[in-house]
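Okay, structure first, notes after.
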Amino acid sequence: MALNADVLKNVSGKLKLGSNWLLSSLAVLMVVFIIASISMFLINATQSRYSSEYVRYVGEQELITQQIATSALEAAAGKPEAFNNLIDLRQRFDETLTYLQEGNPETGLPPLDETEQLSNLASEWGDYRRQVTTIIDGRELIGQVASYVENVNEILPQLLAFSDEVANEIVKANGDQQSVYIASRQLLLAQRIQNNLNRILSGDEAAATAADQFGRDAAFFGRVLEGMLVGYEALGIKAVTIPAALDRLEEAEFLFADVSENVSAILDASSQLFDIRDATSNVQAQSPTILAAGGQLREMIASEGDAESQLYSYAGFVLLAVAVAIMFGIAMLLRGQASSRAEKADEQNRQNQQAILRLLDEMTHLAEGDLTAYATVTEDITGAIADSMNYSIDALRSLVETINQTVVEVSSSSEQTQAITSRLQESSAKQAEEITKATTQINNMSKTMEEMSSRADESAEVALKSIDIANKGAEMVRKNIEGMDTVRDAIQETSKRIKRLGESSQQIGEIVALITDIADQTNILALNAAIQASSAGEAGRGFAVVADEVQRLAERAGNATKQISALVKTIQADTNEAVSSMEASTSGVVNGAKLAEDAGVSLVEVESVSKELADLIQNISSEASDQALSARTISQIMNVIQAITMETSESTNETAKSVGQMTELANELRKSVAGFKLPETDEVDTVMLR
């Protein structure tokens, strides 16, 4: 019977091993197919993303091509921002073409396979790019021509106005019909020059014809303008002689000189402009071609992408279906194995219940506090539990022994701690008394320092008041000196004026002396005239009357000059006395100012000494305040120390109480573990379970 059981056991083990190997193989195969299916779907998604990115780049290239065509026309017309757009668009097209040919490392895009459509697009872009580069290289030239055109457009309206005024002036002056016709034709030529000038930068096919016509019209306008000014026999033009018309013609000639310079520059650049016009025309012509090449490449990418997407999707679904079939087979095998395992599980549960009951019987000894017995370890399900329980018994036994030993040590330490706490409490009380005495002395010292600081502050205030008084005295002395200086200046100025008055009176004296001489001479001449009149008889009687009158006037003038001379001498004498008095006053003012300056110096010295005294008193006050503050700080610190000492004393009392409580807890702990039974020898009984 035992042999048959072993055989059945071996056969069952081999069948189980084979079944497990089959399940493992099917599971691995299922995982492989699932991974392969997921890989197909991921590859499909990646390829779809690549195709979408390729198509997006090609679509962007088509849009760039259309924008380049528009910007090329605007650049040829002289718009500065169009050149920047062309540069950016060219660079972006190069980038997208590089992404198609070499891939994009940033997005992980691989290079597109080299196909006829991609090569055709690259070739078309090469020609197209050269035309765009030609336009961009002509940026400076087009800008210069645009500035020339702008200058001419600014001048032409004035030139048109002058030409119109010339025609009107000729008509007003009834000039000949030929002159009126020529003037009117100049007006038409100026308008045509303006129209052709604006067409040069238009970029259309008529730009070359407009440039040629513009040059010929400008040259002919200049020759006609010259003929109207000086005559031009070859053209049958007579010089205009109407003044108003000539003035306008001269102004028009001055303006046309600037026009001629700009016209020459425009014509010189016209040949290069034609190259840019050709490049612009080629860009417009090649845009449909490059758009068609991009469309063909886009269609090729889309068709290949759809084919690859269908292939990878089909492969993914097939692999997924195989994986599902394998999963179904695994489920069937697991279902068969589950029935067999259920029967074995029932038998195993019965055995486990018996082992658990035996283990519960063994644990009864442990529940009663017996730590001297061990549980027997078997191969049943409870074997590991019994082993763990034996380990727990050892740990618990060691813990109880440690607790007993610790309780003894804690009791001894508690007694020592209580003794130390008592001594510490006595020391804290003595320390608190000493700190209280020191605090009282420090408080007294602090009050003394504060009183000394207050007195020093009062002394400092007195010193500061003396400084203010000295400052005010010095200020008054300075003002007194300034007033004396002002008086001295006024006296000196008055003295100068009086001196000038004396000099003027002296000049008056000289003038009076001259008048006196003239009066004397006049008196002598009047006397001679009277003598001559008396000798003339009746004929000189009227002259004699005049001579007498002149003589009387001369005598009166002489008397007046004598009075004036006396007054002038009196003024000179008074002036000299005033000058002497002013000089004496000036000397007095100078001496007073010197004395005031000496007083000011003394006041400055007093002020300096007062400041030094105030500084010394202030320093004393500051040091006293600092000492008082330090004393207060020390007092506060001592109060804090006293409080800490009191807290320490209270903490010591609390510690003593805690030590007593800890002793009681140790005794209670010893009682709590007294119920455990510990082995008295090294031998341990083992409970054998049957």
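The numbers here are math on the coordinates, done by the rules we state, and not lab data. The structure displayed is predicted, hence computed values, not measured ones. All Cβ positions, even for glycine, are placed from backbone atoms using ideal geometry, and neighbour counts span all protein chains on display.
Modelled spin-label separation between Ala573 and Glu664, with each label point placed 7 Å from Cα along the Cα-to-Cβ direction: 13.5 nm.
In a DSSP loop and with at most 15 other Cβ atoms within 10 Å, the GluC sites (Glu not before Pro) in region 62-127 are Glu106, Glu114. Amide H contacts of Thr378: Gly383, each under 5 Å away and 5 or more positions distant or on a separate chain (H built 1.01 Å from N in the peptide plane; Pro and chain starts excluded). Pairs from the list Lys447/Lys611; Lys479/Lys594; Lys499/Lys569; Lys472/Lys611 with a Cα-Cα gap above 24 Å: Lys447/Lys611. Extending 7 Å from the Cα toward the beta-carbon at both Thr115 and Arg129 defines two label points whose distance is 2.1 nm. Multiplying the residue separation of Glu401 and Lys430 by 0.36 nm and removing their Cα-Cα distance gives an extension gain of 6.0 nm.
First select every other residue whose beta carbon is under 13 angstrom from the beta carbon of Ser630; then total the charges, Lys and Arg +1, Asp and Glu -1. Kindly include the intermediate steps, with their values, before the conclusion.
Details: positive: Arg632; negative: Glu450, Glu623, Asp626.
Charge balance in the 13 Å sphere: -2.
Close amide H contacts of Asn104 (hydrogens built in the peptide plane, cut-off under 5 Å, sequence separation of 5 or more or a different chain): Leu109. At full extension, Thr494 and Ala219 could sit 90.4 nm farther apart than now, given 0.36 nm per residue minus the alpha carbon distance.
With Cβ to Cβ distances under 11 Å as the rule, what net charge do the other residues near Asn85 carry (K, R +1; D, E -1)? It would help to have the intermediate numbers written out before the result.
On the way: positive: Lys79, Arg90, Arg92; negative: Glu74, Glu81, Asp88.
Net of charged neighbours comes to 0.
Scanning residues 5 or more positions from Ala239 or on other chains, those with amide H under 5 Å from its amide H are Gly231, Tyr232, with H placed 1.01 Å from N in the peptide plane.
Within a straight-line Cα-Cα reach of under 23 Å, Lys671 can be paired with the following lysines, leaving aside sequence neighbours fewer than 8 residues apart in one chain: Lys657. Here each label is just a point 7 Å from Cα along the line to Cβ, and for Glu510 and Glu154 those points are 7.2 nm apart. Along region 325-335 the Karplus relation, 6.51 cos²θ - 1.76 cosθ + 1.60 evaluated at θ = phi - 60°, assigns HN-Hα couplings of 5, 4, 4, 5, x, 4, 4, 5, 4, 5, 5 Hz to successive residues, with x for each Gly and Pro. Using θ = phi - 60° in the Karplus curve 6.51 cos²θ - 1.76 cosθ + 1.60, the 3J(HN,Hα) couplings for region 244-259 round to 4, 5, 4, 4, 5, 5, 5, 5, 5, 5, 5, 5, 5, 4, 5, 4 Hz; x is entered for Gly and Pro.
Computed over neighbours whose Cβ is under 15 Å from that of Ile515, the net charge equals -2, Lys and Arg +1, Asp and Glu -1.
Multiplying the residue separation of Glu654 and Val601 by 0.36 nm and removing their Cα-Cα distance gives an extension gain of 11.3 nm.
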